[in-house]
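All of the numbers you see were taken from the coordinates with simple rules; none came from a lab. Since the model is a prediction, treat every value here as computed from it, not as a measurement. Methodologically, a virtual Cβ is constructed for each residue, glycine included, from the backbone with ideal geometry; neighbour enumeration extends over all protein chains shown.
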Amino acid sequence: VNERVLAADPMVVLQPADESDGTPEVPGGIGEEDIITLVLPYVNTAREGVKRLAELLETYGTYESNGIIISDVNEIWYVETIGGHHWIARRVPDDCYATIPNQLGIDYFDFDDAFSDAREFMCSADLPEFIETHHLG
């Protein structure tokens, strides 16, 4: 938690059972140990934190998959890095809390919201194409 009451918890490292998932991890990309120092000092809100992390992931990629909670006094966002340069984020509703087991957890996603107002959902720009290419839909 920083002086702006922002917090991040890069808590889960996710490894696929089969390494042929179509998304090679990026050697030299960012990992969970980098997230707090590369994100929190540069943002004022959880939403800004998701956007900053997204820019870093899309630029540098990641060498692992993670589940990350980024929160402030008004919002909680759960971000999953799903290999390479791909990521997905969902806002935790105000009347809910998140319990994240050691696995991917976003089971519903609204692409219309993600690619318009991004009130509740955000993702990498190429995620729909990635899902279609790898028959994940």
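Here are the numbers:
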quantity	calculated
Restricting the range 35-122 to trypsin sites (Lys or Arg not before Pro) in coil, as DSSP defines it, with at most 12 other Cβ within 10 Å	Arg119
Order of His86, His134 under a 10 Å beta carbon neighbour criterion, fewest first	His134, His86
Hz values of 3J(HN,Hα) by residue in the range 69-86 - Karplus curve (6.51, -1.76, 1.60), Gly and Pro given as x	9, 10, 9, 9, 6, 10, 9, 10, 10, 10, 10, 10, 8, 10, x, x, 10, 9
